[in-house]
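One structure below.
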Amino acid sequence: MSIEREAADWFARMRGPDAESLREAFEVWRSDPARAQAYDDKLRVWDATMFLANTATGKHRNLEGYRSRKFTRPTWTWAAAAFLAIGIGIMLALHGAGERDAQSSSHRLESAAMDKVPRTIRLPDGSKVILDRGARLQIAFDVGERRLRLLAGRARFAVAHEKRRAFIVEAGGGGVVAHGTLFDVELLPDGTDVSLLEGAVAVSSLHAGGGSIDLEAGQSVSLVGGKLGKPRTAASADRQWPRDMITFERQELVDAVAAFNRTSSIPVVVDGSVPSGMKITGSFHRSDAEAFAWQVAETFGLQVETKDDGTLMLAYPMREKDRKNL
């Protein structure tokens with residue numbers, strides 16, 4: 001079997017019901033550079049399909065030919081492969097349209113992070129974006145500017161340098177203008193956070209009188225109620241989120257739990273019985289909330305309670321006399 005066929009099979013399997021049980025074998029297979037490249041090629045086609053499914057060409061494409069076929073392999077396996085094939089067809093159709101009218105063409109796309117881990121996508125200009133779990137992003141590129149809008153969640157932008165077109169990210173009433181830099185943008189319930197890792201960016205409020213700030217590498221700023229706050233030092237834990245490991249150095253327990261929850265599919269909460277002032281140091285796998293909760297519990301003499309909704313709660317063990325009073 002060719003590497004391309006193996007990559008297509010693994011791509012389908014990792015989007016099926018047995019993905020978690022296959023992950024270890026998948027990582028072993030993907031450790032070979034040639035296989036990793038073939039798999040990444042499939043991911044790029046998938047991302048382009050997610051983008052293009054919302055265009056007029058994608059929405060009006062006739063899929064009856066695909067529906068009429070009878071598949072002998074598991075439905076979910078062929079569904080992913082068929083989606084890849086459809087995506088290639090859509091891209092070819094749009095490519096032809098662009099050749100007919102190159103001056104008026106533009107990229108208006110949307111993508112979402114559907115996997116259980118952050119995913120990387122490549123933009124038409126060569127820039128890269130890492131979307132956190134649950135993040136949604138709109139892209140509108142034309143001959144004059146590269147404009148994106150973060151609709152939900154958090155994203156990291158690695159911007160390809162262009163003198164001619166500015167790279168603009170809008171999120172929650174704020175805007176970031178960058179040229180060849182690396183930065184994070186996160187939508188929060190009460191506002192928007194921007195953190196600069198490399199280069200320089202200008203952060204502006206889209207509201208009248210909201211202000212504008214030039215950030216330096218290692219700084220963060222929040223936009224709340226249409227107004228920008230003062231720049232602050234970016235927390236090291238916040239900069240690690242695209243990696244599976246998260247590291248804390250004498251960080252308040254409640255803050256560490258909040259940072260862990262940003263990329264965890266299983267929430268961890270701290271009960272009100274746990275006093276403030278506990279500080280945690282160590283490295284943990286973001287993908288294993290249960291292990292994180294139990295390691296914290298063992299460190300501070302707590303217990304882990306699993307709620308009906310799956311939430312893991314850290315609390316002090318209940319004393320016997322308190323149990324009798326229930």
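A short reminder: the numbers here are calculations on the coordinates, not readings from a lab. All figures in this text were calculated on a predicted structure; none of them were measured in a lab. Every residue, glycine as well, gets a Cβ built from its backbone with ideal geometry; the counts of neighbours run over all protein chains shown.
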For the residue pair residue 2 and residue 308, what label-to-label distance in nm results when each label sits 7 Å from Cα along the Cα-to-beta-carbon direction? 5.4
Using only Cα atoms, locate the centre of region 253-273 and the centre of region 145-197, then give the distance between them in Å, rounded to an integer. 26
Between residue 300 and residue 31, what length comes free when the chain is fully extended (0.36 nm per residue of separation minus the Cα-Cα distance, one decimal in nm)? 93.1 nm
With the label point 7 Å along the Cα-to-beta-carbon line of residue 232 and a cut-off under 12 Å to each amide N, the hits in region 182-222 are 193-194, 220-222
Using a 7 Å offset from Cα along Cα-Cβ at residue 212, what residues in region 142-176 end up with backbone N under 13 Å from the label point? 175-176
Which three lengths, in whole Å and largest first, does region 237-324 cover when its Cα atoms are put on their principal axes? 46, 28, 17
Which residues does the label zone of residue 161 cover in region 134-150, counting backbone N under 16 Å from a point 7 Å along Cα→Cβ? none
Taking +1 at the Cβ of each Lys and Arg and -1 at the Cβ of each Asp and Glu, which of 120, 223, 153 sits farthest along the dipole of region 106-234 towards its positive end, judged by Cα position relative to the Cα centre? 120
Cα centre as origin, Lys/Arg/Asp/Glu Cβ charges: region 110-214 dipole, Debye: 360
Picking from 166, 207, 194, whose Cα lies most toward the positive end of the charge dipole for region 106-234 (charges on Cβ: Lys, Arg +1; Asp, Glu -1)? 166
Per residue, how big is the convex hull of region 106-234 when only Cα atoms are used? Give it in Å³. 97
